[in-house]
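The values are calculated or read from the model by the stated rules, or taken from the named source; none is laboratory data. These figures come from a predicted structure and were not determined experimentally. Reconstructed Cβ throughout: ideal geometry from the backbone, glycine too, with neighbour counts over all protein chains shown. Surface areas here come from the heavy atoms of the whole protein model, side chains and all, with no ligands, DNA or RNA. Shrake-Rupley method; radii C 1.70, N 1.55, O 1.52, S 1.80 Å.
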Amino acid sequence: MILSTSLSSRTANTFASPVVEARRWLQEIDHETDLTLINVSQAAPTEPPVKDLQDAIVFAAQSNPAAHLYGPVLGLPELRSEVAKQWGSLYDGEINSEQVAITAGCNQAFCAAINLLTNQGDSVILPEPWYFNHVMWLNMQGIEVIELQCGQNLLPDPDKCADLLRDNTRAITLVTPNNPTGVEYPIELIQAFYELAKSHEIALIVDETYRDFRAEVNPPHRLFGDPDWPNTLLHLYSFSKAYRLTGHRVGALIGAEERLKEAEKFLDTVTICPNQLAQHAALWGLRNLGGWLQGERDKLRHRQAQLEEKFAHPLMADWEIKGIGPYFAYVEHPFDLTSIDLAQSLLAKKNILVLPGSMFRPERNHFGERELRIACANLNQALIQELTNRLIDYTHDQY
């Protein structure tokens, strides 16, 4: 087939999604085993919303005609107000509903933030290993990605970041708890990055997709407590992980009213409005599922502890967990293989689908060749045992 036009330079300027690429391996790689697949390539919830939330969605669909029509570009006023109220309470800060936009997932919130902050040729600083969709969007928008390499603790260094700032730098992006490493950034570290961004009059984008599953019960940071936060902070959030609404696509972007007016242009062009039923679901979840969400957090943290215990077993001594949280474990492998070769070998020989660390690093960075990301949120106790058994067997076979 000959294309009548050339491929878009914007999309051709970035790589294929690692999750999509890994799924292709399922068809392309010859399996040498009849073991059941253990898919730890993506950590999205695999169960539907709880029954009461499903009922709330059905009720909105059947009783609210407006739920099937276009809604406000920046989201339902009731949901924006509820987010402002609950976030203000959680972070002990002042947030009003006009500073909240509802988006079609957290990825769209990031895309909107980048579009309102940058022009083609500007730069944005990302700690790496990084969330690949952030890099993909920056690539497609012609924004230079400045790599802030994290240390052995997988925490970014504000002083090193300061050395990377350029005249065309428009933002620093942090993801905490982190994807892909699972690491939670300390309050003091987030504050230091905020002060750095504020002093240089650039934006700090803080993606808190996995906020509800943190180990700490205290607020994740104190940034909203600064009366001047709208001049610096753009906060991103996902309802998908909290309430199992991944297929409904609903997230949030919090920032200055003037910035959200610019984001409105982007959002109106791309989706016109966020999914109406998804917004009613998120609103119901915020108002009714606080206790349930705490239970989900405790369950995932327990699974995290189980995985850590298994990796501490003497037979796993050659493997090292570099970072871990309820959704992700970022591990170092012991083999003389690239991480892609290892990931494909694990799929062929042990039917484990996992993402290589090189997919979260720049091509020239060698650290990713020794790393794998294990998406562990959907692993129950039996699957954790089976996963580690297969890794032990694979290690034994290699040696």
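Kindly provide the set of residues from the stretch 354-399 that are open to solvent by 30 Å² or more (accessible area, probe 1.4 Å), part of a loop (DSSP other than H, G, I, E, B) and modelled with pLDDT of 95 or more, ordered by number.
Result: no residue meets the conditions.
In the stretch 7-39, which residues are hydrophobic (A, V, I, L, M, F, W, C), out of contact with any strand residue (DSSP E or B) (no Cβ under 9 Å at 6 or more places or on another chain), open to solvent by less than 90 Å² (accessible area, probe 1.4 Å) and more than 18 Å from P180 (Cβ to Cβ)?
Selection gives A12, I29.
Within the stretch 145-164, can one find any residue that is assigned to a strand (DSSP E or B) and in contact with a Ser or Thr (Cβ under 7 Å, 6 or more places away or on another chain)?
yes
Within the group D122, D92, which residue is at pLDDT 95 or above, more than 26 Å from I272 (Cβ to Cβ) and touching a Pro at 6+ places or on another chain (Cβ under 7 Å)?
D92
Could you give me the residue pairs with C-beta distances under 9 Å whose first residue belongs to the stretch 47-58 and is of a type in the set (V, I, T), whose second residue is part of a loop (DSSP other than H, G, I, E, B) wherever it lies, and which are 6+ apart or on separate chains?
Close Cβ pairs (under 9 Å, with a partner that is part of a loop (DSSP other than H, G, I, E, B)) amount to V50/R244; V50/L289; I57/P49.
Kindly evaluate A112 against the criterion of being open to solvent by less than 20 Å² (accessible area, probe 1.4 Å), closer than 23 Å to T269 by Cβ and modelled with pLDDT of 95 or more.
yes
Kindly indicate the residue of the stretch 313-326 that is open to solvent by 10 Å² or more (accessible area, probe 1.4 Å) and at pLDDT 95 or above and also farthest from Y185 (Cα to Cα) among those meeting that condition.
W319
Of the residues that make up the stretch 187-207, is at least one at negative phi, buried (at least 22 other Cβ atoms within 10 Å of the Cβ) and charged (D, E, K, R)?
yes
What residue, of I125, I146, is open to solvent by less than 30 Å² (accessible area, probe 1.4 Å), farther than 24 Å from S41 by Cα and either in contact (Cβ under 8 Å) with a residue 40 or more places away in the chain or of a type outside the set (V, I, T) (or both)?
Going through I125, I146 in turn, the sole match is I125.
Can you name the number of the only condition in (1) within 22 Å of P49 (Cα to Cα); (2) open to solvent by 70 Å² or more (accessible area, probe 1.4 Å) that N231 fails?
(1)
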